[in-house]
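K.L.:
Below you'll find the structure I mean.
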Amino acid sequence: MNTQPGLIISIRRHCEKDGDKLTPDGIEHARVIGRTIEIPSLEMIGYHSNANRTRETIKCIFEGAGREPMIKPAEFGGKNILDSIVPHLKNGWPSDLSYADAVKYCFDNESEAMRTIGGNLAKFICELVKVHDPNDNLRIEAISHGPNLECYIMHELGNAGIDLLMGGLYFKEGQNFIYHPDERVIEIPHAQLNCSIK
């Protein structure tokens, strides 16, 4: 996948947390991500949810990349589109389950909320594409929460996305997907997958 020049939209789960703060390992992980993704020819813009752990993650990514923190909340339609799915769940997040099992539980029992969150994130990405030309030398890093990323994969890929998620494709802390608007392809680096959006 050619990632330069051109517009890159990365949606990432926040790094390791303790409560709503990053752990020392989470801070270092975010800085390593920044050093890894740094491409001098690309400008960078960052978005975050209202949760402190997402603000800390994007700030540390910019620090790692050696950039001034051009970051802001992902306000869209009067709300922060990157906020956690938990308030939308009828029965709350099943915290007694492992993360993978909790996501499976929500797919089975909270499908309406999951589809709504996935659709909202898709609209947010569409708005970014409208504002920025696909040929812009720009990387957008948006920090959200794991289930939101999985909701988006389900929304865009339908049953194929659900099969991937049920097969064990989950976003661990700090992992992301990349949307390439020029090719309408979702790149999932940790799974080494490229999925075309129809």
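Read-outs throughout are calculated quantities, based only on the coordinates presented, and are distinct from any laboratory measurement. None of the values given here were measured: they were computed from a predicted structure. All Cβ positions, even for glycine, are placed from backbone atoms using ideal geometry, and neighbour counts span all protein chains on display.
K.L.:
Averaging over all projection directions, find the projected area of the Cα convex hull of the chain and quote it in nm² with one decimal place.
P.N.:
10.4
K.L.:
Taking each full run of DSSP H in the chain as one helix, which ones are at least 18 Å long along their axis (Cα atoms) and have mean Kyte-Doolittle hydropathy of at least -0.5? Working shown, then result.
P.N.:
Working: long enough: 24-37 (20 Å, -0.20); 52-65 (20 Å, -0.65); 111-131 (30 Å, 0.51).
Flagged H segments are 24-37, 111-131.
K.L.:
I would also like to ask the following. Please report, in debye to the nearest 20, how large the charge dipole of the range 8-191 is about its Cα centre when each Lys and Arg carries +1 at its beta carbon and each Asp and Glu carries -1 there. The partial results should precede the final answer.
P.N.:
Details: 20 positive and 28 negative charges, 56 e Å.
It comes to approximately 260 debye.
K.L.:
Excluding residue 150 itself, calculate the net charge of residues whose Cβ lies under 14 Å from the Cβ of residue 150, where each Lys or Arg counts +1 and each Asp or Glu counts -1.
P.N.:
Cβ neighbours under 14 Å give a net charge of -1.
K.L.:
Ok, one more. Using Cα pairs closer than 8 Å and at least 6 residues apart in sequence, work out the relative contact order for the range 8-191, in percent.
P.N.:
It rounds to 33 percent for the range 8-191.
K.L.:
In terms of Cα to Cα distance under 30 Å, which lysines are near enough to residue 17, apart from those fewer than 8 places away along the same chain?
P.N.:
Output for residue 17: 59, 72, 79, 90, 104, 123, 172.
K.L.:
Put +1 on the Cβ of every Lys and Arg and -1 on every Asp and Glu Cβ in the range 8-191; which of 162, 98, 120 then has its Cα farthest towards the positive end of the dipole?
P.N.:
Of the listed residues, the answer is 120.
K.L.:
Skipping prolines and chain starts, which residues have an amide H placed within reach, meaning under 5 Å, of the one on residue 71, given they are 5 or more residues away or on another chain?
P.N.:
Here 46 satisfy the definition.
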